[in-house]
Every structure is written in C-alpha cells, then in structure tokens.
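Here's the structure we're looking at; comments come further down.
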Amino acid sequence: MAFFKKSPWLLHYDASSCNGCDIEVLACLTPIYDVERFGIVNTGNPKHADILLITGAVNVQNEEIVRNLYGQMPDPKVVVAAGACAMSGGVFQDSYNVLGGIDKVIPVDVYVPGCAVRPEAIIDGVVQSLAILERKAAELKRRGGSGEPEKPS
Amino acid sequence: MGQRTIIPFGPQHPVLPEPIHLDLVMEDEKVVEAIPSIGFIHRGLEKMAEKKDFQEMAYIAERICGICSFIHSMGYCQAIEALLKLEIPKRAEYLRVIWSEMSRIHSHLLWLGLTADAFGFESLFMHSWRVREKLLDLIEETSGGRVIFGVCKVGGVRRDVDAETLRRALEALAALEAEYREIAGVFSRDASVKRRMTGIGVLPKEDARALGAVGPTLRGSGVAWDARRLQYAVYGELDWAPITEEAGDCQARCLVRIREIFQSFDLIRQAAGKISDGPVAVKVPGNPRGEYFARLEQPRGEVVYYVKGNGTKNLQRFRVRTPTFANLPPLLKILQGCELSDVPVIVLTIDPCISCAER
Amino acid sequence: MMIEEQFWETLDRAALPARVGTLAKEGWRLVQICGSCHEAFEILYSFDKDDRFLSLRVAFSKDDPVLPSITESYFGAFSYENEMQDLFGLKLTGLKLNFNGNFYRLAKKNPFLDTPPAVAPAPGGVSS
Amino acid sequence: MPHLVIAKLLTKSAARKPSTRLYPAEKRAPPKGARGRLVMKQIETCVFCGVCGKKCPTRAIAVKRTDKTWELDRLKCIVCGECVEICPKDCLAMEGEHATAFVAKKIETHVQKPKPAASDPT
C-alpha cells in the first residue's frame, strides 16, 4: 500500500440513514479497524475535512444541511457515499420523503456498496478516495487555486 | 433572573452520531427548557407497507434501525403471524430469542462506548467497542450479517444454526462475558464515571410513568416493566426477571443496562440449552386480515407494532411506536434544570435512536 | 406463540378527554397513539396497566379533521399528536406543546392522507 | 481505590498484542455463510424466469428474456440473499467477501451466449 502525502481528515454525516452504516463508520475508528493508522481523523468540523463520508438516502430536511456541509469544505474535497441508501435510496427508494441517493444533491466520487456496509468496505472506499483527492489537489495546483470554497454561481 | 439565551444543539454535532436538533433555552449555565425538532431521518416507511408485499416488508422493518435491526423484523413478523394465526416452529422461536439477546448485548455495549465517549473517557469507549466487535463476529457467523441480520421472515427464520456453530458461539460468549465483566466493573465502580453520572438527570418514578418512559429509562426509575414479561416467543420458558434500579439518575440507567447485558448472556445460555431440533420455518398461508398490536422489548425499551390487513398482500396500515419516540418527553423533562455541560451525557442516557424515532 | 389478549373500546371524540382523564387517574400508562386514514379518520389510543392492554378507538369523518388533544392528562402525548398533525393534517385543539405542523418537514404535505390506489391528492387539500 | 479500577484493564491490554486487524494488508476470511456480495455464478444455466427480479425488495435485478441478459444494479442491492434462495436453477450465489468500492456507476450485465444448436446429439 502506497504512502499518502497527507493525513486526510474525514467528516461523517448521517443523512437519513438507518444507523446500520453509521455504526459501521464508527467501528472503523475503534481498535479492531482503526483508520487512524492511516492518519485519518474523524472531525466534527466541515472546514477541517477533506473527505465527506455520507450515509443514508437524504430527505428534504437533510438536503440543505448536506449542501451546507459540502459547501463549507475547502477544495480539494472528495465525497464518499457509503451504503445502498446513499447510493440509490436502497429499500427506501420508493418512499415519499426520500430523495434517493446523495448524488441527487452533491457530486459523489466514490460509491461503497453494502447494506449495511462492512468496515472493510469503508476502508476500501476511503483508500480509493485518497487517490482522487491527490488528483484533485494536483489539478487545483495547476489551475492556481487557493483551496477556497467555490462561490455558488 | 438571568438573561435567557437559546442555544441550538445539533443536527451535526461531534457528540451526536445521528442528527437531532434541540433548542436549549438557557439561563446562564442552566437549561430552562429543551425543545426538540426532528425529522432529519424521516423516511416515511410506514406508508411503504401500502405499496409493498407484506413479506417483503420484513426487510424494510429491519431497516427501521440498524442497531436494533433484528428485533424490528422479529416484531413485525410476530404481528403478522398473530394476524395469520400462524404457529411457528419452536426451534425458530428459540433462535429468535438467541439472536434478539445477542442484539441486545451489542446495542448495550455500543451504548456504553458512546456514553464513555460523551463523558470523555476515551479508553473505556475503545474497550467497549473492542469487546463488541467480538460479538459482531459471532452474529456474522450465525446470521450472515454484522448489523443487519436479515434472518427473520414471516413464518420463522431464514437459516438454521447447526449444533457445532452454536457450541462454538457459546464458548466464545463465555470468553466475552469474562472480558465484559472487567469493563462493567469500571462503569459501576470508577470514581470519574460516578462523578459524571450520579445525581445527574434524575427522573422520578411518577414522572417516568406519567410521561410514558420505556425500557432502561423506565426501569432505571424503579418501575419493573419489561415487555418480555408478555412471554412472547419463548421468554415464558426462560428464567429471568426485569432489572430495576431505584435512583432514576444517569448512573441508574447505566447500571440497568450493565446488568441487562449479564442477563442476556444468561438468557442465551438458557435458550441454547433448551433448544430442540426441528424445522425453522413454516409456509405462509394466505394474506393477513384483522388488526393487532405486537409488543416487544427492544434494547431501548418497549416497541409497539400495529398492523392492519384487509386480506390483500398489502397491509392497510403499519405503525411502529419505537422506544425513543416514547422516551422523548421524559428526556425534555430531565433536561430541565441541568447544566449545559451535562446535556450530552443526559441525552445519551435515554439511548436515543433517532432513525427509530422518525422512521 | 403467545397472542396477547387485547381490549378495545369505541368512543366519540367529544368523550375522549374525559375518558383519558379517568384512565390517567387510574394510573394507566400511555403506550401509543396511532392515526390512520382510509375512508375516515381512525385514531387508536393504547394504554397499559398491570399487563392489561386497552385501546380506545375514535373515528370521525375526513371532512372535519379536528381532534381534542389529550396532553392535559398525558403530556407525553405531544409527540404523537404533533406527528399526526403533520402526517394527516389533523387539527389538534388544546395541544400543550404545538409545533404547528413543523415537527417534521416533509417533501409532501400530509402524506398519509391520501389512500392508495387514489394517487392524486384531493383538490384543495388541507391548509396549514 | 476507585480511581484505579481501569488500571487492571489497561495493564492487561498493554501486555497483549494489539487487537487491530491490519485490514488491507491482512484480510480476514469471512465466516461461512456471511452475506458479502451477490454474484452471478453461472449464467449458462439461467432460464431467465425472472423470479429473482420479482422477489428483489429493491428491484436491483433486471432480467431480459429476449436478450438473454441478467443485470444487477449494485447501487441498489441490499445483499439480503432473497434471490439466491429463490433461484430455481441455482445460478446465483452469495459470497462472503464484500463488494469493493467503485468510482463510476455501472450496471453489471451478464449475457448468456447462444447455445450451439447442432452439436447437441441428445
């Protein structure tokens, strides 16, 4: 496994998930899986975060918050959608109150399948997102970006 | 009288694994009133019963919540089985009890960890979750899933556990219990834990009853109500009694859960000793007709499933009253008069499960 | 398999607060409130005392979606009643903690009001 | 001493080797019967009855009889295993290994090759 140039910080948000994926995300932080050995830190502040890990199918009330969190994160940033609900709405896709998938609200870079996702799968997803993060960082550098959040047009 | 300020708490907050929003009306450091606003996880799954096949609904019922997943599907299936007057095999009933007790241990261990995290005892958090992972391995070995078991269906269970696996699981559980005993000792005896929980967030017995508290929140206030007393599945054949504590504070609610984990270990052993051979599922005859309230005991308290069928494959109405929904009014009562710095611990001691509450 | 014996009572909505008040005095615990709406509104109130499970059934027409609140006797009922207000468009009178239809913010107003297979919402709907 | 209750636990765990599973480096074999991912085991025997698609709670499976294709939308699959149980020809299987993360959305398509018509002597 390649070394990362940076220690990516991660922000987890539960957007109308059933908790199954959320406790697996938490399990990643605890001794058995321990993502901190990759330098990954779970932060509560979107302005500190590089990776946004979202679970759940997003409902109307959560939509704005997801947008807010995404908007507050500095560039480069990566979005990981974990679990069937976050990818497509899962079992709740037919429900009246569910938008069905994070990519209906913000652009998603990595999809992690499973219901509920296994911690191993989350680690896989985060590792994949790191490559994307580095590519985005290089792209940003080339364009001479400052890492400031993009202004909404 | 000091000046009043409103502090918004949540939905995205480091101490909250799930989004809930509370408006805390403060007078200096004291909380005068707490007003919840929920709906962040409302998925409207009760309505889905009108569109989905009643057998398929078991999967959706299981995903009401990922922590108490198994008992949700079990409760839904029991409600439908009562409408169909379906007698399910004894072995399936025993397996359901074993799995639901496993899920109770896993949920309580999860809670112990989160609470330790809320009062800043990081190493205790890590130890609780380390032990919990071993239980999850057992759950995966017996049911095939880590948190979403996916084994319960209308008419029984979807897979059998062979004698060898069951024997190994019991051995592993015994080892687990020894490890858990050490952690439980820290929670019940450590001075810093006591300081954060004793006398904090007191819910008197009368209030607990009047506000409709359920589960450890109710039993921590000295009321011996446990829905397992209704003797659903095979709880009538096992030897156990509801666990209560008198104090009604955070410590009492914590102790109830600590002792319930030991009780669950014992119940699994009893059930595994009494289990008999046989089939694990029966064929489902026809469609449900009539109405019924099924009541079960979740890790968080009593859960009520109301099903109403009209003889078609879709239910007319499916309603779940989850324990957290019933525990919200008591929570608001406990929060009144507490200090702002105690809010996270108090919120956690009712073991809020927001995705349950909002469905 | 144990099938629990459950008791039912049907009553008029005007008689509800008084009956619930008596139950509260007798020490019954409020278990749940369940609304449903098909041809008419049907609200079920369930109580529990000494392992006895009692449900009150209150039914009334869809044209008159008004219901007296029971928060006077059981304060804990506010969450159920606010939920019904949002999901069914009911109007609760005398509700002690009233979110005025903002308990849930939903994609669709009063989603439980229309019954399948009727897909189209009733013209006019229910005003907030 | 109530302050040192955790001391025993900490000394023990300091003496023990770390309980961390070094995931990408060391992979744990999933237990027998674990539900990790749904795979099409043998498309050759599939009769395209479509029962799997009908039973799927999330409609993740699409079966096209005319094109002889079987499609799985992994974005929707909730790995319940209902389709594996129902399949009359035992074409589907549930593997213990979890499905890995992916970057681009795609639908997994399996096409049955047309059978050689003349070569069958029976």
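The values are calculated or read from the model by the stated rules, or taken from the named source; none is laboratory data. All values reported here derive from a predicted model rather than from experimental measurement. Positions of Cβ are generated from backbone atoms using ideal geometry, with glycine treated the same way; all protein chains shown enter the neighbour counts. Accessible surface is based on the protein model in full, side chains and every heavy atom, while ligands, DNA and RNA are left aside. Shrake-Rupley method; radii C 1.70, N 1.55, O 1.52, S 1.80 Å.
A cut-off under 15 angstrom between Cβ atoms defines the neighbours of A:V105, and their net charge, with Lys, Arg +1 and Asp, Glu -1, is -2. Across the accessible surface of region C:6-93, with the other protein chains kept in place and a 1.4 Å probe, carbon and sulfur atoms take up 52 percent. Surface exposure of region B:111-186, expressed per residue as accessible area with a 1.4 Å probe, stands at 28 Å².
Chains B and A: buried accessible surface, both sides, probe 1.4 Å, rounded to 100 Å²? Can you show the working numbers first?
Numbers: alone 14540 and 8550 Å², together 19990 Å².
Adding both sides of the contact gives about 3100 Å².
Taken per residue, the accessible surface of chain D reaches 61 Å², heavy atoms only and a 1.4 Å probe. Simple point charges give the picture: +1 on the Cβ of Lys and Arg, -1 on the Cβ of Asp and Glu, and for the protein assembly as shown a dipole about the Cα centre of about 1500 debye. Accessible surface ranking for B:E182, C:E81, 1.4 angstrom probe, highest first: B:E182, C:E81.
How many percent of the accessible area of region B:130-249 is carbon or sulfur, using a 1.4 Å probe? Display every interim value, and only then the final one.
Working: 2040 of 4030 Å².
Carbon with sulfur: 50 percent of the solvent-accessible area.
Between D:C91, B:A271, D:A25, the Cα set farthest toward the positive side of the dipole of the protein assembly as shown (charges on each charged residue's Cβ, about the Cα centre) is that of D:C91. Each stretch of four or more DSSP H residues adds -39500 (n - 2.57); spread over every residue of chain A, this sum gives -11000 deg cm²/dmol at 222 nm. Give the residue from B:M74, B:I350, B:T217 lying farthest towards the positive end of the charge dipole for chain B; charges sit on Cβ (+1 for Lys and Arg, -1 for Asp and Glu) and the dipole is referred to the Cα centre. Final value for the positive-end residue is B:M74. Computed with every protein chain present, the accessible area of C:D63 is close to 140 Å² [probe 1.4 Å]. At q = 0.10, 0.11, 0.12, 0.13 Å⁻¹ the log10 of I(q)/I(0) for chain B amounts to -0.61, -0.73, -0.87, -1.02, computed by Debye summation with a single uniform scatterer per C-alpha, solvent ignored. When restricted to Cα atoms, chain A yields an Rg and a Dmax of 14.9, 45 Å, respectively. Have a look at A:T30, A:V60, A:L10 and report the one farthest towards the positive end of the charge dipole of region A:9-143, computed about the Cα centre with Cβ charges (Lys/Arg +1, Asp/Glu -1). Looking along the dipole axis, the top candidate is A:L10. At a threshold of 50 Å², the residues of region D:5-45 that become less accessible to a 1.4 Å probe in the full protein assembly than in their chain on its own are D:V5, D:I6, D:L9, D:S19, D:T20, D:R21, D:Y23, D:P24, D:R28, D:P31, D:R35.
Three principal axis extents describe the C-alpha atoms of region B:116-183; from largest down they are 45, 25, 14 Å.
Out of all Cα-Cα pairs in chain D, roughly what percent, to the nearest whole number, are more than 20 Å apart? Provide the component values of the computation, followed by the final result.
Numbers: 4338 of 7381 pairs.
That fraction is 59 percent.
The ellipsoid equivalent to the alpha-carbon distribution of region C:6-93 has semi-axes of 21, 14, 12 angstrom, derived from the gyration tensor eigenvalues as √(5λ) and listed largest first. For chain B, adding -39500 (n - 2.57) for each run of n ≥ 4 DSSP H residues and dividing by the number of residues yields -15000 deg cm²/dmol at 222 nm. When only the Cβ of Lys, Arg, Asp and Glu is charged (+1, +1, -1, -1), the dipole of region D:27-111 relative to its Cα centre reaches about 200 debye. Peptide A:54-64 shows a mean partner chain C-beta count of 5 within 10 Å per residue C-beta.
Suppose we look only past 43 Å in the calculated P(r) of the protein assembly as shown. What percent of the Cα-Cα pairs does that tail hold? Intermediate values should be presented prior to the final figure.
Working: 71776 of 289941 pairs.
Roughly 25 percent, rounded to a whole number.
Using a probe of 1.4 angstrom and keeping all protein chains present, the accessible surface of region A:9-143 works out to 28 square angstrom per residue. For the pair A and D, the buried accessible area comes to roughly 2400 Å² in total, with a 1.4 Å probe and the value rounded to the nearest 100. Taking B:I354, B:I6 and ordering them by how much accessible surface each has at a 1.4 Å probe, largest first, produces B:I6, B:I354. Per-atom-type breakdown for region D:1-58 gives carbon and sulfur 61% of the accessible area (1.4 Å probe, protein chains only). Simple point charges give the picture: +1 on the Cβ of Lys and Arg, -1 on the Cβ of Asp and Glu, and for chain B a dipole about the Cα centre of about 1100 debye.
Do the alpha carbons of any pairs in B:K85/D:K32; D:K41/D:K64; D:K41/D:K76; A:K141/D:K105; B:K51/B:K85; C:K62/D:K55 sit beyond 26 Å of each other, and which pairs?
On the way: B:K85/D:K32 35 Å; D:K41/D:K64 17 Å; D:K41/D:K76 19 Å; A:K141/D:K105 28 Å; B:K51/B:K85 23 Å; C:K62/D:K55 36 Å.
Long pairs (Cα-Cα over 26 Å): B:K85/D:K32; A:K141/D:K105; C:K62/D:K55.
Within the full protein context, the accessible area of A:W9 is estimated at about 100 Å² for a probe radius of 1.4 Å.
With Kirkwood's inverse mean 1/r over C-alpha pairs for Rh, give me the Rg to Rh ratio of region B:246-359, two decimals please. In region B:246-359, Rg relative to Rh is 1.10. Counted over all Cα-Cα pairs of region B:21-103, pairs farther apart than 21 Å make up 49 percent.
Computed on protein heavy atoms with a 1.4 Å probe, what is the summed buried accessible area for the chain pair B and D, in Å² to the nearest 100? All intermediate terms of the calculation are to be shown ahead of the outcome.
Working: alone 14540 and 9690 Å², together 21960 Å².
About 2300 Å² of accessible surface is lost on pairing.
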